[in-house]
Each structure stands twice: as C-alpha cells, then as structure tokens.
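**Student:** The structure follows.
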Amino acid sequence: MQQDDFRFSHALRVRWAEADMQGIVFNGHYLTYADVGITEYFRAMGQTYSGETGANGSDFFAVKTLLEYRAPARFDDMLDVHVRIARLGNSSMQFLIGIYREQELLVTGEIVYVHADQSSRRPSPIPQSFRDAVSAFERLAPEGAASGA
C-alpha cells in the first residue's frame with residue numbers, strides 16, 4: 001500500500017484521551033480515525049449526508065472491518081488517514097485505509113459498506129450518481145466501477 005495509491009487523505013492529531021499511560025494510541029481509536037477519514041472522503045467527493053445519501057430511504061452500512069497494526073501512533077502525533085474505494089459492487093463497496101505518520105505506514109485497513117434500504121436493511125443497488133462521483137474522484141479506478149458488478 002503506497003501513499004500514491006490514494007487521492008484523498010485527511011490529517012488529524014492524536015489527542016491525549018486517545019492514548020494510554022505510555023502515550024500510545026489505544027487500538028480501538030484507529031477505527032474511529034478510519035471512520036473520520038471516510039466521512040471526510042464523502043465530503044470531498046461531494047456526497048455528504050445533506051445530499052442524496054439517505055434522502056431516498058437508503059443508506060450505506062458498515063458490514064466488515066479489518067485493521068492490521070504495524071507500528072503505534074503516540075500522543076500528539078500528526079497522522080494522515082488515506083482513504084480510497086478499491087471495489088464497487090452492485091450493492092457493496094470496499095474502502096482501503098492507510099494511516100501514516102509522515103511516510104511511515106502505521107495501520108492498514110479494509111472496510112466494506114453495503115448500500116441498503118433503511119427500513120428493511122436489505123441490499124439495494126448503489127445509485128449511478130454515486131458511482132459517477134467515485135469514478136470522477138478516484139485516481140485509481142475501483143474494481144467493478146464500470147460494470148457495477
């Protein structure tokens with residue numbers, strides 16, 4: 001996973017409350033960092049919750065998360081949370097996450113979201129407008145972006 005693979009990143013600083021007594025970030029906070037990165041990714045792509053997402057009775061729900069820890073972040077570190085959509089299926093998408101301190105890769109991650117009806121939670125196709133926004137935004141075309149597979 002290279003920083004150049006990502007068009008988008010969001011900077012954040014490790015806060016005191018996120019670190020243990022040794023000043024090392026508690027592992028659960030990295031998922032929060034990834035979530036903040038995805039929220040900012042949506043905003044940068046022009047797909048915030050004030051737009052189409054959720055307005056038609058559907059939304060994206062996280063169904064899988066995987067984080068791999070390589071090195072710890074510490075209190076007051078500046079981190080860059082890199083985010084990209086690596087795969088776009090008919091109703092699901094896979095985000096890849098890279099959390100860096102300068103050039104050092106600290107954490108890698110994968111988060112899968114499913115587009116679903118808000119009431120039934122049954123999968124529904126990802127809207128074409130969202131697909132188009134992803135295709136226009138990403139540096140590397142996500143797998144399945146053209147076909148909707």
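FYI, it's all coordinate maths here, none of it is from the lab. Remember, it's a predicted structure, so these values are computed and weren't measured experimentally. Here the Cβ is made from the backbone with ideal geometry for all residues, glycine too, and neighbour counts use every protein chain on show.
**Student:** For the range 56-109, what is the relative contact order in percent, using Cα pairs closer than 8 Å and at least 6 residues apart in sequence?
**Tutor:** For the range 56-109, the relative contact order is 37 percent.
**Student:** Here's something else I'd like to know. Could you state the number of Å between the C-alpha centres of the range 68-146 and the range 11-44?
**Tutor:** 16 Å
**Student:** Magnitude of the Cβ-charge dipole of the chain, K/R +1 and D/E -1, about the Cα centre, nearest 20 debye?
**Tutor:** 260 debye
**Student:** Trypsin sites (Lys or Arg not before Pro) within the range 85-136: which are DSSP loop residues with at most 13 other Cβ atoms inside 10 Å?
**Tutor:** Sparse-neighbourhood loop trypsin sites (Lys or Arg not before Pro): Arg121.
**Student:** Projecting each Cα onto the charge dipole of the range 3-137 (Lys/Arg +1, Asp/Glu -1 at the beta carbon, about the Cα centre), which of Tyr41, Ser119, Ile24 comes out farthest on the positive side?
**Tutor:** Toward the positive end, the furthest listed residue is Ser119.
**Student:** Among Ala73, Ala136, Val107, whose Cα lies farthest out toward the positive end of the dipole of the chain, if unit charges sit on the beta carbon of Lys, Arg (+1) and Asp, Glu (-1)?
**Tutor:** Sorting the options by dipole projection puts first Ala136.
**Student:** List every residue whose amide H lies under 5 Å from the amide H of Leu106, counting only residues 5 or more places away in sequence or on a different chain, with H placed 1.01 Å from N in the peptide plane.
**Tutor:** The answer is Ile99, Tyr100, Arg101.
**Student:** For the chain, find the longest principal axis of its Cα atoms and tell me its angle to the long axis of helix 29-44, 0 to 90°, nearest 10.
**Tutor:** That works out to roughly 50 degrees.
**Student:** Considering the values (i) 9.5; (ii) 8.9; (iii) 11.0, which represents mean projected area of the Cα convex hull in nm² as calculated for the structure under consideration?
**Tutor:** Correct label is (ii).
**Student:** Calculate how steeply helix 128-137 sits against the longest principal axis of the alpha-carbon atoms of the chain, using the helix alpha-carbon long axis, and give the answer as 0 to 90 degrees to the nearest 10.
**Tutor:** 40 degrees
**Student:** Right, next: Listing Phe26, Phe8 from the residue with the fewest other Cβ atoms within 10 Å to the one with the most, what is the order?
**Tutor:** So the ranking, lowest neighbour count to highest, is Phe26, Phe8.
**Student:** 7 Å from Cα along Cα→Cβ at both Trp16 and Ala86: what's the point-to-point distance in nm?
**Tutor:** 3.7 nm
**Student:** Between Gln103 and Ser135, how many nm apart are label points set 7 Å from Cα along the C-beta direction?
**Tutor:** That separation, rounded to one decimal, is 3.6 nm.
**Student:** Which whole-number percentage describes the relative contact order of the range 3-137, with Cα contacts under 8 Å and a sequence gap of 6 or more?
**Tutor:** 28 percent
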